[in-house]
Structures are given as structure tokens and as C-alpha cells.
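Q: This is the structure I have questions about; it appears just below.
The values are calculated or read from the model by the stated rules, or taken from the named source; none is laboratory data. Model, not experiment: these values are computed from the prediction. No Cβ is skipped: glycine too gets one built from the backbone with ideal geometry, and neighbour counts run over all protein chains shown. Areas reflect the complete protein model, heavy atoms only, side chains present, ligands, DNA and RNA absent. Shrake-Rupley method; radii C 1.70, N 1.55, O 1.52, S 1.80 Å.
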Amino acid sequence: MKTQIYRSIAVALLALFFAQSSFATCGGGGGGGGGGMANSGGSGGGSNAPVYIVPWNKTPPSASGLVLYWFPASQKEIDNSSLKQSRLLYGYASQCVSMQAAKAEQLANADKLIGESKLPVAVLAKADGTPINKVENTNGKLKVTDVEKLVETEMNQRKSAVSGQLKDAADKAKAGDKDGAIAIYKSVVEQKCMFKKEAGDAAKELKKLGVTDIASIPPAMILERRQSAIIERTMKQGLIAELNAQYVAANKLYMRAHLMDPADPVPLRFLGENYRHNIGAWDKAREVFNQILEMPADSLSRSVALHGLGKMTIHDGEFKKGLSLMEQAVAEYPLALAYRNLAVYWNSEGQPSKGNEYTEKALALDPKDPYNLVFAAVFMAANGKKEEALKIARANKNLMPASYNLAAIFAQNGQRDKALQMLRRHFYQYERYQSVRAKEMMEARVDAVFESIRTDRDFVALTRNADGRLPIPMKGMPATQASPNR
């Protein structure tokens with residue numbers, strides 16, 4: 001019943017976005033934290049909080065790599081499968097093992113891959129589609145540990161062959177066969193996507209032999225099973241601490257995980273977003289996000305970094321530069337958080353059709369996410385669907401991270417007291433750091449959704465600590481258009 005209600009609301013909202021609106025609302029992008037993915041955080045966590053999301057269908061096959069195919073039996077299985085989270089599979093995806101989830105009827109060579117197996121089934125294959133091995137389901141389910149071992153076994157066998165090549169090259173060099181050694185070492189370097197450590201060792205030996213035209217090879221993630229499990233457990237503990245508003249403790253855990261494996265971008269993603277969204281230490285957030293962009297990183301981590309830099313850049317008054325960064329973010333990875341803030345930008349620029357477009361995209365990523373629904377309801381109120389928006393606001397009134405947008409809905413419905421109540425909750429219960437409050441208060445002062453209470457004595461008092469970094473709009477003018485120097 002709950003799913004049907006969410007679906008009905010989502011359909012109504014999506015239909016609404018096709019209508020034009022003349023009301024320029026900022027709405028507050030909201031969300032953030034939790035590595036850029038915890039849209040409904042703040043209400044505690046669980047031992048299975050998502051940290052290492054396997055990039056199914058995000059990693060295109062490589063001509064020299066492997067492909068892990070997941071043939072699910074149903075959408076229900078996809079929604080509940082343990083295959084969606086795994087540090088080992090995430091790590092192998094960065095080493096030329098493409099992760100492909102597909103329906104059997106969508107893949108030309110599915111019959112060859114699946115054979116006589118019953119769905120669901122996981123199949124590891126060469127890049128040309130030749131099957132190597134598979135994991136059958138147990139009582140209709142695939143176990144992530146079995147699938148991890150499937151990939152791990154093949155990778156270890158190949159690694160042993162590469163290690164043998166390194167030994168042969170060393171023997172040739174020792175025997176004085178320099179050309180023979182160089183040829184073998186170069187063949188190992190060519191396998192750097194799958195075996196970065198061995199390729200790095202080969203590159204060092206080539207330099208010793210006088211070969212100078214060798215590109216630097218970045219370090220590989222640690223994928224030894226025991227150490228990887230410790231890192232993943234540390235990250236989950238960090239996220240649980242963050243979702244319980246223990247931000248300093250979360251930072252310590254994220255940093256510990258980073259130090260255990262500096263080549264892993266995920267701890268940096270969570271660390272940077274915690275600095276940006278929860279603590280308000282933007283100088284440190286910028287440093288971490290730029291570190292992600294300078295290292296080999298997955299598209300999700302790059303997207304979160306680009307969005308974070310964009311959001312901070314806009315607040316600092318460089319609107320076009322910030323917009324470009326957020327557009328780059330969604331080009332890297334479709335992030336609901338970035339879509340929402342792009343909607344904020346365009347509505348603040350007086351272009352509600354673009355704002356609606358990005359809100360629609362955020363909602364389409366997860367129509368059942370209550371945070372997306374509350375954000376979209378701000379637009380419903382702006383488009384005259386005030387009672388429908390109020391229903392969504394009332395149904396989600398206890399969603400602490402959505403307090404700002406709940407306030408926006410109440411303000412647009414003329415419910416001043418409830419709007420101020422939600423803003424007070426946002427500033428002084430949800431936010432824990434004064435540096436964050438100062439930025440959020442400034443955004444509220446320029447936000448078109450609070451136009452009805454902008455000059456209200458209590459609203460002005462409530463936002464008295466605004467940092468003054470954004471221009472106050474003149475009446476009837478979108479927020480950012482009030483500044484001639486943007």
C-alpha cells in the first residue's frame with residue numbers, strides 16, 4: 001500500500017512538471033552528507049548502510065579485461081540483492097572487470113552465458129563473451145561472497161601468471177639478456193589496468209634497465225579479503241556515526257579507512273561530503289574533493305566531488321563556474337543531490353522550466369525517496385497545487401533533514417508559524433555547526449520560497465547569523481539576478 005501511495009504521488013508530480021510555472025523558487029537543494037547518497041539520513045543507521053556501491057552497468061567492458069554478468073530473476077531480487085554492495089566487487093570494477101546486470105532477453109549471447117542455469121545466475125566471462133565460470137543461485141538467491149570468490153579466483157590465477165612473467169624477466173636480466181627482459185617487462189606494464197602493482201614493479205625494473213618512456217602507474221586498491229573487510233567495516237561504522245549526527249567520530253573513522261588504503265576514493269568521498277555538508281569546513285572539503293579529482297576514481301566519487309565544489313563555488317558568488325561544476329557532476333554520474341541543486345540554480349535564475357526538468361530527473365532516480373518527494377512538493381506549492389504539497393509535507397513532517405524544504409512548503413501556503421518552526425528545527429536541531437548555519441541562513445534569506453516572510457521580524461531574527469555572501473533579491477527579481485557582478 002505504501003509503495004502504491006508513493007508511486008501515485010510520483011506520477012502526479014511528474015505530470016505536473018510538464019506545466020510551465022511563472023514562480024521562480026529556489027527551494028533549497030537540501031540533502032547531502034553520507035557520501036552524497038544519504039538523502040534521508042539523520043534518523044539513525046544500520047549495519048547494512050550502503051558504502052561500497054557496485055557500479056553495475058557503469059563500467060564499460062575493456063578489450064583486455066573481464067566481464068561479470070548478473071542475470072537477475074526479478075526486480076524484487078535486484079532491489080534486495082547483496083550484490084549491490086561489495087568493496088571487493090567495487091575494487092575489481094576499477095581493475096578492468098566490467099559489472100553488467102542484464103535481462104537475458106536483452107543480451108545477444110545470453111544463451112551461451114547462462115546455459116542450462118536457472119535465474120538468477122552470475123557469469124564471469126572474457127571480454128569477447130567466452131564464459132569462464134559461473135555462480136548458481138541457492139534457493140533463488142545469489143550470495144555476494146560466492147560472486148566475490150568467483151572473480152577473486154580468476155584474478156588470482158591471472159596474477160600468478162603475471163608474477164611468473166616478472167620472474168622470467170628478472171632471470172633474463174640476471175643472465176644478461178637485457179632485450180628479452182625489457183620485452184617481458186613491457187608486456188606486464190601493458191596489463192596495468194588489471195594488475196597495477198605488478199605493472200608498477202615492472203616499470204621500476206624497466207627504468208633500471210634504461211627505459212625512460214614509461215608513464216607513471218597509480219597504486220591499486222587493497223583487495224586482500226581480510227584487509228578489505230576491515231576497511232569496509234570501518235567505513236560502515238563511520239556512516240552509522242554520521243547518520244547519528246556524530247560527525248567528528250565519523251570523520252575519524254573515514255580518515256582511518258583512507259589511511260588503510262590511500263588508493264581507495266570512497267573514504268575521501270565520505271570525508272569530503274562530511275566536511276562540506278555537516279561540519280561546514282569548506283577549506284578542508286575543497287582539499288579532499290580536489291584530491292579525488294586528481295586520482296583514479298570511480299564516476300560516483302568524481303560526481304560527488306564536482307557537485308560539492310560547485311555548491312560551494314555558487315555560495316561564494318561565482319555562479320557560472322559553480323553551475324559548470326554541477327553540470328559536470330551529473331555528466332559523470334546521475335546524482336539526485338546534484339539534480340536538486342541544479343533545479344535550485346535555474347529557479348533562482350528565473351527559469352522554472354529548467355528547474356522542473358532537473359527536479360523531474362531527481363525524482364525519476366528514486367520516486368519513493370521521501371526526500372525527493374518533499375523537494376518536488378516545493379514545486380507543487382509554487383505551481384498552485386498547495387493542498388497536494390501540504391499532504392506530502394504533513395506525511396513527512398518528522399523527516400529532520402527535509403526541514404528546510406518543509407518550511408518552504410508551509411511558507412508558500414501562508415502558514416508562517418509552521419514555516420518558522422521548521423526553519424528553527426533545521427538551523428538548531430538538524431545543523432550542529434555554526435559555520436553551516438551561517439550559510440544556510442544566508443540561503444534562506446535569498447530564497448524566493450520565503451518571499452512572503454522575508455521581511456518578517458521573526459524570520460529576520462531567526463536568520464540573523466547569515467554570512468552575507470549572497471545578494472538579497474529585490475522584490476519580484478530572482479535571487480541571483482539581483483547581483484550585477486556575478
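Q: With the cut-off at 24 Å, tell me which of the pairs 84/391; 192/284; 361/386 have Cα atoms farther apart than that. Intermediate results must be reported in sequence, preceding the final value.
A: Numbers: 84/391 33 Å; 192/284 32 Å; 361/386 22 Å.
Over 24 Å apart, Cα to Cα: 84/391; 192/284.
Q: Then there's this: Could you tell me which of 407, 324, 266 has its Cα farthest along the dipole of the chain towards the positive end, charges placed at Cβ (Lys, Arg +1; Asp, Glu -1), taken about the Cα centre?
A: 407
Q: Given (i) 24.5; (ii) 23.0; (iii) 25.5 as candidate values of Kirkwood radius over Cα pairs in Å, which corresponds to the one derived from the coordinates?
A: (i)
Q: Now for a separate question. Within the stretch 126-249, what whole-number % of the accessible surface is contributed by carbon and sulfur, with the 1.4 Å probe and all protein chains included in the calculation? Please report the intermediate quantities before stating the final value.
A: On the way: 3480 of 6880 Å².
In the stretch 126-249, the share of accessible area belonging to carbon and sulfur is 51 percent.
Q: Follow-up. Counting other Cβ atoms within 10 Å, which GluC sites (Glu not before Pro) in the stretch 99-185 have at most 12 and lie in a DSSP loop? Can you show the working numbers first?
A: Working: sites: 105, 116, 136, 148, 152, 154; in loops: 116.
Taking the stretch 99-185 and a limit of 12 other Cβ atoms within 10 Å, the loop GluC sites (Glu not before Pro) found are 116.
Q: For the stretch 181-193, what does the Karplus curve 6.51 cos²θ - 1.76 cosθ + 1.60, with θ = phi - 60°, yield as ³J(HN,Hα) per residue in whole Hz, taken in order and with x for Gly and Pro?
A: Once θ is set to phi - 60°, the couplings for the stretch 181-193 become 5, 4, 4, 5, 4, 5, 5, 6, 4, 5, 9, 5, 5 Hz.
Q: Continuing with the same structure: I want to check the label-to-label distance for residue 207 and residue 179. Put each point 7 Å from Cα in the C-beta direction and report it in nm to one decimal.
A: Inter-label distance under the simple model: 2.6 nm.
Q: Still on this structure, I have one more. In nm, what is the difference between 0.36 nm times the number of residues separating residue 138 and residue 57 and their Cα-Cα distance?
A: Details: separation 81, 0.36 × 81 = 29.16 nm, distance 2.40 nm.
Extra length available between residue 138 and residue 57 comes to 26.8 nm.
Q: Pull up the cross-link candidates among the aspartates and glutamates for residue 159, meaning alpha carbon to alpha carbon under 15 Å and not fewer than 8 places away within one chain.
A: 168, 190, 198, 201, 224
Q: Then there is this: At 7 Å along Cα-to-Cβ for each site, give me the label-to-label distance between residue 170 and residue 215 in nm.
A: Taking the two extended label points, one gets 2.7 nm.
Q: Separate question: Distance between the C-alpha centers of the stretch 258-326 and the stretch 219-253? Whole Å please.
A: Between the Cα centre of the stretch 258-326 and that of the stretch 219-253, the gap is 18 Å.
Q: Now, a different point. Tell me, what is the 1.4 Å probe accessible area of residue 142, in Å² to the nearest 10?
A: 10 Å²
Q: Follow-up. Can you work out the Karplus-derived ³J(HN,Hα) for every residue in the stretch 417-433? Use 6.51 cos²θ - 1.76 cosθ + 1.60 with θ = phi - 60°, whole Hz, and x for glycine or proline.
A: Karplus-based 3J(HN,Hα) across the stretch 417-433 equals 4, 5, 4, 5, 4, 5, 5, 4, 5, 5, 6, 10, 10, 6, 7, 10, 10 Hz.
Q: Residue 112: which lysines have alpha carbons under 18 Å from its alpha carbon, excluding same-chain residues fewer than 8 sequence positions away?
A: 103, 126, 134
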